[in-house]
Structure formats: structure tokens, C-alpha cells
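Structure first, then comments.
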Amino acid sequence: SHDKFKKDEL
Amino acid sequence: MNAFRLAGDMTHLLSIILLLLKIRATKSCAGISLKTQELYVIVFMSRYLDLFRTYYSLYNSLMKIIFLGTSMCIVWYMRSHKVVRQTYNNDEDTFRHFFLVLPCFVLALLVHRNFTFIEILWTFSLYLESVAILPQLVLLQKSSNIDNLTGTYVFLLGAYRGLYLFNWVYRFFTENHRVRWIPWLSGLIQTAIYTDFFYYYIRSWKNREKLKLPA
């Protein structure tokens, strides 16, 4: 979800 | 991780290595904007605040530490290294941080996804990153002599977010169809700001001429 993108991108 | 994303990260990393190489090998930071470098420290500190709170992968944590460490190291060189700091274009690097930091912070307070401390700072970091290159571009416009390392550094730094745009398009179609306006629009604006620079950089490269930006 949204948080996943946030955590795995720099 | 897809190829666009990896290429983007590697381009970003390479740009930083190139800048550190220039500073260490030539003992000079001529043509580099301290304002932009300080903005990057603020960007990374506000975005990677969750570094020790949430763990995603070793790659991710390592890259965050590298970006934080190198950005602070570059600022240290430009401010405190006894030889390097004398090469800094103090008089030409006139852009005020304040005019970028404050509007970005206000915008993050107004336009965000969740009103939490971490989320606001994350949003602020994206807004600020999108305009952080402006002092550097202004400095380059004033410089009559842009060396190759500086030109290539800015080119790679601009290319990195452009590659992230492709990564987002790719992820949109392969992972989940959800619109993420804040990073997408920020990334788009960030890349668009470089358009002029890209044009002159590629033209000078093709014609084997020295890079010069019109004032």
C-alpha cells in the first residue's frame, strides 16, 4: 500500500 | 526492485561520488552551491527520520545512511576544510535558503496525506528536494567556467529523479494502481527544473564544446 512505497523508496 | 529504480539510485549515488571526487582530488569546490548542499542535508534529515524506527531492507538503510553521511561530509568540506572552503564562490552563491524552506514547509502543512509529524516532514522533504537544485543552477548561470565534473554532477543529479518517474510509471502498472500525487508531482517538477540544463549539457557534449549556460 502507500506506506510500503514510502518505506522502500529513497 | 525494477531497473528504472536501480538506475535512478545508482545515478544518484554516482553523482555524489563524483562531487566528492572533485572536492578531494582537486581540493576545490568551485562552482558548487553550498546552499543547495545544505538544502540536501535538510531534505535527507527530514525524509530519513524513520531510519531507526522502521526497517525495510539492508539496501535501503545503507543508502539512507550513505546519503545522510555524504551530504553532511560535503557541507563540512565546503564550510570547514581549510583549503577547500577558500575555493567556494561565496559572492555568487546568493540564493537564500529561507525562500525555499519556508514555502515548502507551509505547503507540507497544507498539502499532505496524514497530519502526523513523520508524514509532514516526509512531505516537506519531497517539496524541498524538488527545488533544492535552484541555487546550484543560479550559480552555474553566473559561472563563466563550468568544469566537467561539476557539469556531469548536476546532470546525474537531475537524471536520477527522471529515472524515478519511469520507476513510478512502471510500479503503477505492475504493483498497484494507486495515484500518489505528492511524490509524482514533486518528482515531475524536480525533473522539469533541469530541462534547460539538460539541453545545454547534451548540446555541449555533442559539439564537444565547453558547457556554458545563458544568463
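The values are calculated or read from the model by the stated rules, or taken from the named source; none is laboratory data. As the structure is a prediction and not an experimental result, all values here were calculated from the model. Note that each Cβ is placed from the backbone with ideal geometry, even for glycine, and that neighbours are counted across all protein chains shown.
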Output the residues belonging to region B:116-135 that are farther than 14 Å from residue B:191 by Cβ and among the acidic types (Asp, Glu). B:119
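Quick one: would you say residue B:53 is within 14 Å of another protein chain (Cβ to nearest Cβ), touching a His at 6+ places or on another chain (Cβ under 9 Å), on the phi < 0 side of the Ramachandran plot and not in a helix (DSSP H, G or I)? Lay out the reasoning, then the answer.
Numbers: within 14 Å of another protein chain (Cβ to nearest Cβ): yes; touching a His at 6+ places or on another chain (Cβ under 9 Å): no; on the phi < 0 side of the Ramachandran plot: yes; not in a helix (DSSP H, G or I): yes.
No, not satisfied.
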With the requirement that a residue be modelled with pLDDT under 95 and not in a helix (DSSP H, G or I), what does region B:116-145 give you? B:116, B:143, B:144, B:145
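Okay, residues lined up against (1) part of a helix (DSSP H, G or I); (2) within 22 Å of residue B:14 (Cβ to Cβ):
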| position | (1), (2) |
| --- | --- |
| B:66 | yes, yes |
| B:72 | yes, yes |
| B:82 | no, no |
| B:89 | no, no |
| B:96 | no, no |
| B:104 | yes, no |
| B:114 | no, no |
The lone condition residue B:63 fails out of (1) over 22 Å from residue B:128 (Cβ atoms); (2) under 18 Å from the mean Cα position of the chain (by Cα); (3) within 13 Å of another protein chain (Cβ to nearest Cβ) is (1)
Qualifying position, being modelled with pLDDT of 95 or more and within 14 Å of chain A (Cβ to nearest Cβ), among B:77, B:40: B:40
Could you look through region B:171-193, keep only residues that are under 12 Å from residue B:161 (Cβ atoms) and touching a Phe, Trp or Tyr at 6+ places or on another chain (Cβ under 8 Å), and pick out the one that is nearest to the other protein chains (Cβ to nearest Cβ)? B:183
Please tell me if residue B:110 is over 30 Å from residue B:27 (Cβ atoms) and more than 14 Å from chain A (Cβ to nearest Cβ). yes
Being of a type in the set (A, V, I, L, M, F, W, C), touching a residue at least 24 places away in the same chain (Cβ under 8 Å) and surrounded by fewer than 13 Cβ atoms within 10 Å (Cβ to Cβ): is that true of residue B:41 here? no
Only one of B:13, B:49, B:18, B:68 is at pLDDT below 95 and surrounded by 13 or more Cβ atoms within 10 Å (Cβ to Cβ), namely B:49
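Return the residue satisfying two criteria in turn: it lies in region B:74-89 and is exposed (fewer than 15 other Cβ atoms within 10 Å of the Cβ) and in contact (Cβ under 8 Å) with a residue 12 or more places away in the chain, and of such residues it is farthest from the chain's Cα centre (by Cα).
First, the residues of region B:74-89 that are exposed (fewer than 15 other Cβ atoms within 10 Å of the Cβ): B:76, B:79-80, B:82-83, B:86.
Add one more test, that the residue is in contact (Cβ under 8 Å) with a residue 12 or more places away in the chain, and what stays is B:79, B:83.
Working: B:79: 19, B:83: 25 Å.
For region B:74-89, the residue satisfying everything is B:83.
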Restricting to region B:200-215, count the residues that are surrounded by 15 or more Cβ atoms within 10 Å (Cβ to Cβ) and assigned to a loop (DSSP other than H, G, I, E, B). 3
